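The values are calculated or read from the model by the stated rules, or taken from the named source; none is laboratory data. Note that this is a predicted model, so its numbers are computed, not measured. We place every Cβ from the backbone using ideal geometry, glycine too, and count neighbours over all the protein chains shown. Side chains included, ligands, DNA and RNA excluded: accessible areas come from the protein's heavy atoms. Shrake-Rupley method; radii C 1.70, N 1.55, O 1.52, S 1.80 Å.
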Amino acid sequence: MSPLPSTHKALRQDVYAEPPTVQTIPTPQPTLGSAVLRVERAMVLNYTGDIYNGKRQYPYPVPLTLGSSAIGRVVALGPDAVALKVGDLCLLDITISARDDVGGEAGSTFLNAIIDGFTPASKKLMRDVWRDGAFAEYVRWPLENCHVIDEAKTKALGYRTEDLMYMSKMLVSYGGLGPGCVNIRPGETVIVSPATGGFGSAAVHLALELGAGRVIAMGRNGEVLKQVKEAEGEKGSRVECVGLTGDWEEDFKALKGVSGRGGVDVFFDVSPPAALGSGHLKAGIMALKKGGRVCLMGGIRGDVGLPHERIMHWNLTVKGKWMFEREDVKAMIRMVETGVVRLYQEGGIKPFGTRCEGKYKLEEWKKAFDEAERVGSDGFVLIEP
Ligand SMILES: NC(=O)c1ccc[n+]([C@@H]2O[C@H](COP(=O)([O-])OP(=O)(O)OC[C@H]3O[C@@H](n4cnc5c(N)ncnc54)[C@H](OP(=O)(O)O)[C@@H]3O)[C@@H](O)[C@H]2O)c1
């Protein structure tokens, strides 16, 4: 007998940008190349409301079960699964690519239930194959996007399932700071801008955990920057806060003021679309020492002028990064399971943005979306279907 009920509840949107409803629909069944998981927790991004009310204009097909990254337990497996086992707790990665797009030539990557990507290949894959997200009791997920978490190890470290969700925030930063992009090394100095948002504050924490000697945290809001620094406890002594004005000369002067004799190795940017035209990008690049590396992860749309002469004379490397690679997810989970990267410090000091501010049922989706927006980057909200 199938361990799956014939129907389950899911938060669905039938018309783009219209309010979703909780619907009872057939439970997804495992197919070749997929697993079906019981969703335990699903992340509500602080701008989830703006994705699904159309304000962010993210393209996605409907009808759709909404959702984002999640943690779920394997209930049933497709016939080709060999490593995953029923009962495994998994981090569900929403970054999906076509299996035959090995070199990435077709540009098939999209973010499940959020955005259908930027090519006919990605749009086809989301429209025709994978689509439904984790705001549901059950999900069908690509086998390669289910990443097993060793519960015994994480429990021994004192982490609860909701604590583990913070990994999904750190993962985006790891895509940029890790070996798939600028690969920060112990002792290096890293600028994070802006450091006050969800992914920026996670980048500050992660850079410290990965051994950055100093993190220069840029932001427009001095009070929040201070909170990001103080939430790191003792490690906060390695964080310098610098105001971000958007005027390149002013920002450059401020960065030079704290960069010290060793110079700055890495400039990591994760600016929102509103930062288009801001001079802090140029300032960050100009502040690098010879051979420095730049990682651009921000959601800025439109073209940006870069200081070409400086990039050339200073042998700088400029890289972009969308999300992360599959091996980054494995590495992140391993680092957390082994305590190399800590979700929070001894004595319970919690880094900025790691507090779970509420768990909501599917029916409470509106409250969850509103609360996530209110909490902003200082914490996160979960759906517990
Ligand atoms: N490359 C990728 O894979 C990837 C993945 C996820 C997200 N992203 C992008 O990353 C961006 C940030 O995401 P998030 O979740 O961290 O957003 P968030 O939590 O909303 O944070 C955005 C930050 O930007 C600051 N900010 C707002 N307007 C600014 C401006 N004009 N100049 C400088 N700073 C400004 C905000 O602080 P103040 O308003 O207090 O200054 C806030 O700290 C998003 O746009 C998203 O598209 C990229």
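DSSP finds beta bridges in the chain, and of those with both partners inside it, around 55 percent are antiparallel.
Extending 7 Å from Cα along the Cβ direction at D100 and again at Y16 yields two label points whose distance is 2.7 nm.
Counting only protein heavy atoms and using a 1.4 Å probe, the accessible area of K367 comes to about 120 Å².
Counting Lys and Arg as +1 and Asp and Glu as -1, each charge on the Cβ, what is the dipole of region 181-320 about the Cα centre in debye, to the nearest 20?
My answer is approximately 360 debye.
Once you reduce region 66-105 and region 224-286 to the center of their Cα atoms, the two points are 36 Å from each other.
Taking the Cα centre of the chain as the origin and placing charges on Cβ (Lys, Arg +1; Asp, Glu -1), which of A217, S173, V375 is farthest toward the positive end of the dipole? About the Cα centre, the residue reaching furthest to the positive side is A217. For chymotrypsin sites (Phe, Trp or Tyr not before Pro), the sites in region 284-366 that DSSP calls loop and that have at most 16 other Cβ atoms within 10 Å are W314, W322. For K85, the solvent-accessible surface with a 1.4 Å probe is about 110 Å², rounded to the nearest 10.
Across the options L206, W248, V294, the greatest Cα extent toward the positive end of the charge dipole of region 181-320 (unit charges at beta carbon of Lys, Arg, Asp, Glu) belongs to V294. Among the cysteines of the chain, those with no neighbouring cysteine Cβ under 4.7 Å are C181, C241, C295, C356.
Taking a straight line from the alpha carbon of K153, these aspartates and glutamates sit under 18 Å away, with near neighbours fewer than eight places off in the same chain left out: D88, E162, D163, E337, E346.
Below 14 angstrom from the Cβ of P186, what's the summed charge of the other residues (Lys, Arg +1; Asp, Glu -1)?
On the way: positive: R185, R214, K235, R238; negative: E188, E209, D265.
Local net charge: +1.
Local charge for L91 was computed over the other residues whose Cβ lies under 15 Å away, with Lys and Arg +1 and Asp and Glu -1, and equals -3. Applying a threshold of 32 Å to the alpha-carbon distances of K169/K367; K55/K290; K124/K155 flags K55/K290; K124/K155 as lying beyond it.
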